[in-house]
Amino acid sequence: MQLQITSLNSGSNGNCYYIGNEREAVLVDAGISCLETERRMKRLGLSMRKVKAIFISHEHSDHIRGVSVIARKYEIPVYITPDTQYHGRLSQERFTAIPFMAYEPVKIGELTITAFPKWHDASDPHSFIVNYQDINIGVFTDIGAPCEHVIKHFGMCHAAFLEANYDDGLLDKGRYPYHLKQRIRSNHGHLSNEQALSLFMEHKPSFMSHLLLSHLSKDNNNPMLVQNLFRLNAAGTEVVVASRYQETPIYTITNSFTPIKHYKGEQLQLL
């Protein structure tokens, strides 16, 4: 019993996450082009023919940019709420759109995908849990603050994609105008490194084997900075920074993870 996961891209230039077993897989968001999605999956040895559904979290362009072409080319159904479809200007696109509702599980082969609400400045935004034989993978990005829905589901995950969008100091000193900084920091904006770390430290289950830090800002964050922030608190969980320029390796997730004990002064190996 295992799931394979990878981030094909993560950032304001495009988001796309792959989760699958031996027979079927889903994409959560499709924010890079069809061609680039194909290239990255091919480099990883993954087949687009295994992808049986695409789930869209919200209508911002970095989450839907490639969905129309991918869905039409491979005849993949797109699970999307009516409000997200309308505000994303996807209502006239010629692909199969299937509405979903929060807390109503969707079966894709042996995978079960459950959406739940999140705080973000979009029309009807959702996060997702993908389940297969008692293994849970969470996708928690584009979140202004960790509401009770996020906290509850994060504590169920064997692995998770978790937003760590900005460093407070870098955002303060950065070039963004004041109103945009306020939008990012708002309860409907993005998670900071510190907010993500607090969620991780306070609600991480002992069986979480992998954490993929996601949706890092190009201007207001630094991969090494956030990796170092998490490394002393990893407690046996492998922490990976998902790139905005390339795919991550494939990580195999099982439900038999035993945390590694790290003692004071021991160096953690982080990819």
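The values are calculated or read from the model by the stated rules, or taken from the named source; none is laboratory data. The model shown is predicted, which means the values in this text are computed figures rather than measured ones. So basically every Cβ, Gly included, is an ideal-geometry build from the backbone, and we count neighbours across all protein chains shown. Heavy atoms of the whole protein, side chains included, go into the accessibility calculation; ligands, DNA and RNA do not. Shrake-Rupley method; radii C 1.70, N 1.55, O 1.52, S 1.80 Å.
Things worth noting here:
- Full extension of the chain between A102 and S33 gives 22.1 nm of extra length, using 0.36 nm per residue less the Cα-Cα distance.
- Amide H contacts under 5 Å for G11: H215, restricted to partners 5 or more places along the chain or on a different chain, H placed in the peptide plane at 1.01 Å from N.
- On a per residue basis, the range 103-200 carries 38 Å² of accessible surface, using protein heavy atoms and a 1.4 Å probe.
- Rg then Dmax, both in Å and based on the Cα atoms of the range 1-123: 13.4, 40.
- Sequence-distant residues sharing a close amide H with F55 (under 5 Å, placed H): L27, V28, D29, Y79
- Rg/Rh for the range 190-262 (Cα atoms only, Rh after Kirkwood) is 0.96.
- About its Cα centre, the chain has a charge dipole of approximately 600 debye under the convention of +1 per Lys or Arg Cβ and -1 per Asp or Glu Cβ, with nothing else charged.
- For the chain, the equivalent ellipsoid built from the Cα gyration tensor has semi-axes of 27, 23, 17 Å, listed from largest to smallest.
- Cα gyration tensor shape for the range 80-207, rounded if a/c is under 1.5, else prolate or oblate: oblate
- For the pair the range 139-167 and the range 1-40, the centres of their Cα atoms are 18 angstrom apart.
- Isotropic mean projected area of the C-alpha convex hull, the range 114-161 (nm²): 3.0
- Ordering of 137-150, 186-199 by packing [mean C-beta count within 10 Å, highest first]: 137-150, 186-199
- Computed from phi, the 3J(HN,Hα) profile of the range 244-255 under the Karplus parametrisation 6.51, -1.76, 1.60 (θ = phi - 60°) reads 8, 10, 7, 6, 7, x, 7, 10, 9, 10, 10, 9 Hz, with x in place of Gly and Pro.
- Carbon plus sulfur fraction of accessible area for the range 1-68, probe 1.4 Å, in percent: 47
- When the Cα atoms of the range 22-70 are aligned to their principal axes, the ranges along those axes come out at 30, 19, 15 Å in descending order.
- Take D124: with every protein chain present and a 1.4 Å probe, its accessible area is about 50 Å².
- With θ taken as phi - 60° and the Karplus curve 6.51 cos²θ - 1.76 cosθ + 1.60 applied, the whole-hertz 3J(HN,Hα) list for the range 163-168 is 5, 9, 6, 8, 9, 4 Hz, x standing for glycine and proline.
- What the phi angles of the range 53-66 give under the Karplus curve with 6.51, -1.76 and 1.60, with θ = phi - 60°, is a coupling list of 6, 10, 10, 9, 7, 6, 8, 5, 4, 6, 10, 10, 3, x Hz, glycine and proline written as x.
- Rounded to the nearest 20 debye, dipole of the range 21-177 from Cβ charges on Lys, Arg, Asp, Glu: 780
- By average C-beta atoms within 10 angstrom, highest first, the peptides 90-96, 109-115: 109-115, 90-96
- Computed from the alpha carbon atoms alone, the convex hull of the range 149-206 holds 78 Å³ per residue.
- Near the amide H of F161, within less than 5 Å, lie the amide hydrogens of G138, V139, F140, L212, all on another chain or at least 5 residues away, with H placed in the peptide plane.
- Cα-centre dipole for the range 1-57 with unit charges at Cβ (Lys and Arg positive, Asp and Glu negative), debye to 20: 200
- Top positive-direction residue, dipole computed over the chain with Cβ charges, set A160, G236, G31: G31
- The distance between label points at Y74 and Y176 comes to 3.1 nm (points 7 Å beyond Cα on the Cα→Cβ vector).
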